[in-house]
Structures are given as C-alpha cells and as structure tokens.
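Participant: Here you go, one structure.
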Amino acid sequence: MKHKRSDFPEGFQFGAATSAYQIEGHGFGGAGETHWDTFAATPGNVVRAEHGQRACDHYHRYEEDFDLLQAAGFDCYRFSTSWARVLPEGRGTVNQQGLDYYDRLTDALLERGIKPCATLYHWELPSALSDLGGWTNRDIAGWFGDFTEIIMGRIGDRMHSVAPINEPWCVSFLSHFVGAHAPGLRDIRAAARAMHHVLLAHGTAIGVMRGLGMDNLGGVFNLEWSDPADDSEASHHAAEMYDGYYNRFFLGGVFKKAYPEILMEGLGPHLPQNWQDDFDIIGAPLDWCGLNYYTRSVHRASQGPWPHHQAVEGPLPKTQMGWEIYPEGLYKFIMRTAREYSGDLPIFITENGMANADVISGGRVPDPERIAYIETHLDAVRQAIAEGAPVAGYFLWSLLDNYEWALGYEKRFGLVHVDFDTLQRTPKDSYLAVKDMLAK
Ligand code: FCB
C-alpha cells in the first residue's frame, strides 16, 4: 500500500464495516424471521436462493473476528444490530439472548481497544412488520423509535458513534421501486412512501437517542456518481434525475429539510399526505455525515414512465459486481456534500471497497486488484482533505466475505476470505497491506 497512517491528519480513524444479517447467522440465538428470509426463499430473487441463516457464523465466532480487527490495527468497527434479533416480532416481547449478544459484542470490542460504531438498521426488517406494510406504513417511525430505545438503552452507553439507518436509498428505492432487494416491490407509490418514511424513522431514532443522552450521532448515505451518456440536454437531464432520487433526495431531506424539485413531477403525487410537515423530525441536527461510495453510473433519456431514463454500460474497468471503478466520484462527492449539505460536520467514508473473485492458493489470497482499489480511493480522500474537506475517517467494506444480499455468497468483498463450507478465515493480501499501512 502506498499510503501510511501518518499521511492522514492526527486522529483520523480507520475502520472496517459489516452488517448483522450478512455475517451473524440469523438462525442462531432466537432471532425472529425477517423479510430477507422470505425474499430469499422465493425463486428468482437471490442467487441459488441463498440466505443468512448461518452466514459467517459470526454469532459464535465474533471473538476470533475481533482478534483479526485488532491485529490489523483498526481504530473502529462499524457493525449493525438486527431488529429481529432483539424484537423477534418487531414490537413487544424482547429476546433477551439478542440483547445479551450485542452486550457481549460491545465489550469484546472495547476489551480490544476498538471503538464500537453501530448502525441500528441494516435491512433485515422483522417479517411481522413487513406484514403491516413495513416501510410503506408511516407507523414504522414509531416502531423503529421503540426498537432504538430498547437496543440503545442496553448498549448506548458504550457506543462511540451511532447511525440509525444504513443507506436510505437501498431501504426504499432499491427495495420498493427497482425490486432488487426485500421486500422486492416494484411500485412507485410504495417507493415514494418508503423514501419518506425511512427518513422519518431516521429522525425519530435520532430524537430517541438524544433523549437517552447520547451523542456522536450521524446518518449513512450511499451515493453513486451519475454521468450523462453524451452531451445532449436529454442525457444531462437523465443524469440529474438519477442523482436526484439516488443521492439528493436523502441528503436534501436531512440537511436542507427539502426534496429536490426535479423529482416532484414523478414522485410528488405518491408521497404521503402532509409530508412537508415532517422535516423538523427528519432534519434533526447530526454530529457527522457518513458516505458509502462504490461506483458511478451513466444515463441517457428513454421513453416510458418516470424516471424516463436508462443506464448504459460505462467504459471503465469493473469489479466482480460489474461496477465501474471511479475513485474521482468519491473525491467529488466529499467536496459536494460538504459544500452543499453537511458544511463543517465531520465526514466519514462509512463504506468503500470492492468485490473480487478471490481464491486461496497455498494459504494465501492474492488480491492486488483490491489493494489498488483501496489505494486510489484513499488518494481521493487525501485530495479532498488537502483541499480542506473535513474527512475524519475511512471504513472498509468489509472485514469478512459475507452474504452479498441478492447476489448470495459469490461476491467477495472481505479483507478476510471466508470458506463458506468450513467457515475458515484467511486474511487476504489486502488485509496484510492495510495492516502494514496502519502500522506506519
Ligand atoms: C452496500 C451495503 C452493504 C454491502 C455493500 C457491497 O450498499 O451497505 O451491505 O452490500 O453495499
């Protein structure tokens, strides 16, 4: 790795990220059923219908995994808490084993000198709440507030930082308009409602945590840079529309208490009644802004219903996901987010990384592609810092190979290779390169 820890400002934090359903093993410890279990059990949704019942068995192996985090020299660990593990029915009776588990996990991090950075919701909605309409039902804000109170009432005293929801775009648009993630809806009304309610739930949880006396609270937004396919006005408009509903809707709601005008023609009629009255909750002040960044996409106009555009294949080299490698997008997003949305608040890159078809050979996992990806994205971070952007930390997705949602176990994002038959962990060359970087 060409970078050294000492190339970054004093106190800059390095971390690795994971999420509950992707690694824990939801079959263990009394967790309730989630919409990912049933989505995966329905033909055609997930590669080989794979699910998270065992995943990396992190539920039983977290000590070993945290030893790896510590040995690499990470400052922070970003993990998520499963709603259905704590409240199997989403509301009502608490699964004591679930609370105890997150308590043990927190202490195991602290014992190793690693700062726990929690995300309350990383996508595994309890099925019982899905039955009630899930994110399309406005009541979810209150249900989520209650879950927040219960889980943070137990571990909130030891959290370094907390964000309520991972990637509001994925929770709402990807899952209710594109239909690629649970619950797999393709319906503009459901999507618009989910987009608004996910932000209402975010703001409600922030309010609950303030009430518990917690600080260092933020939001985690996934951003995808959007470029026009050519110089025509129609393609520029298409790219702006994509940018609007992917990126600006969520940042705008939280930091400007407004949604982008460009979306109103398409989404406005489907937003819930009196949505304009919710911005004082949605826009509750935050302490930091988290950006998840992987790639960009390219768009041109198309006939047909809103959003009137289609993606075209871009020319850049791609990862195992088929995502273009575009580090400049990270630089541009950091600068734009600080300038237009989050101002002086610290920005954390809460996810960045790549999937690669990694294989073990002779006990090693050579992944020079991932090392190069991390290097060029850290170049982008350093450039932004040099130009005055308040970037305060960088988290790699992910510590372990894990359940990559609709793509199952095939797409490997880990710094540590996981053999999904034996569950054996093998640090990849990228893990060793990051470890070396963090020691310097
Ligand atoms: C992000 C998700 C994470 C993982 C990576 C590859 O959108 O937060 O769970 O799937 O993408």
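Participant: May I ask you to list the residues in the range 209-230 that are small (Gly, Ala, Ser), closer than 30 Å to Gln310 by Cα and not in a loop (DSSP other than H, G, I, E, B)?
Facilitator: First pass over the range 209-230, keeping only residues small (Gly, Ala, Ser): 211, 213, 218-219, 226, 229.
From what is left, the residues that are closer than 30 Å to Gln310 by Cα are 219, 226, 229.
If the condition is that a residue be small (Gly, Ala, Ser), closer than 30 Å to Gln310 by Cα and not in a loop (DSSP other than H, G, I, E, B), then Gly219, Ser226 are the ones that fit.
Participant: Could you count how many residues in the range 149-171 are away from the ligand (no atom under 13 Å from the Cβ) and either in a helix (DSSP H, G or I) or over 16 Å from Phe250 (Cα atoms) (or both)?
Facilitator: Here is the first cut: in the range 149-171, the ones away from the ligand (no atom under 13 Å from the Cβ) are 149-162, 164.
Okay, now just the ones that are also either in a helix (DSSP H, G or I) or over 16 Å from Phe250 (Cα atoms) (or both), so 149-162.
Adding up the residues that qualify gives 14.
Participant: Mind counting the residues in the range 309-358 that are within 30 Å of Asn216 (Cα to Cα) and away from the ligand (no atom under 16 Å from the Cβ)?
Facilitator: Counting residues in the range 309-358 that are within 30 Å of Asn216 (Cα to Cα) and away from the ligand (no atom under 16 Å from the Cβ) gives 18.
Participant: For the range 42-69, which positions are more than 21 Å from the chain's Cα centre (by Cα), among the hydrophobic types (A, V, I, L, M, F, W, C) and within 13 Å of Gly408 (Cβ to Cβ)?
Facilitator: Ala49
Participant: Continuing with the same structure: Being in a helix (DSSP H, G or I) and acidic (Asp, Glu) is the filter; apply it to the range 23-68 and report the residue that is nearest to Leu400 (Cα to Cα).
Facilitator: In the first step, residues of the range 23-68 are kept if they are in a helix (DSSP H, G or I); the result is 23, 35-40, 47-49, 58-68.
Pick out the ones that are also acidic (Asp, Glu) and you get 37, 63-65, 67.
Details: Asp37: 21, Glu63: 14, Glu64: 12, Asp65: 8, Asp67: 13 Å.
The extreme case among them is Asp65.
Participant: Kindly indicate the residue of the range 1-24 that is buried (at least 24 other Cβ atoms within 10 Å of the Cβ) and aliphatic (A, V, I, L, M) and also nearest to the ligand (Cβ to nearest atom) among those meeting that condition.
Facilitator: It comes out as Ala17.
Participant: So, one more: Which condition breaks for Gly27 when tested against (1) free of Cβ contacts under 8 Å to residues at least 40 places away in the same chain; (2) open to solvent by less than 40 Å² (accessible area, probe 1.4 Å)?
Facilitator: (2)
Participant: With in contact with an Asp or Glu (Cβ under 7 Å, 6 or more places away or on another chain), more than 16 Å from the ligand (Cβ to nearest atom), open to solvent by less than 10 Å² (accessible area, probe 1.4 Å) and not aliphatic (A, V, I, L, M) as the only criterion, which of Pro126, Pro116 stands out? So that I can check it myself, show each step before the final result.
Facilitator: Numbers: Pro116 fails: in contact with an Asp or Glu (Cβ under 7 Å, 6 or more places away or on another chain).
Exactly one residue qualifies, and that residue is Pro126.
The values are calculated or read from the model by the stated rules, or taken from the named source; none is laboratory data. Because the structure is predicted, anything quoted here is derived from the model rather than measured. Because the Cβ atoms are built from the backbone with ideal geometry, glycine has one as well, and the counts that use them run over all protein chains shown. Each accessible area value is taken on the protein alone, full model and side chains, heavy atoms only, with ligands, DNA and RNA left out. Shrake-Rupley method; radii C 1.70, N 1.55, O 1.52, S 1.80 Å.
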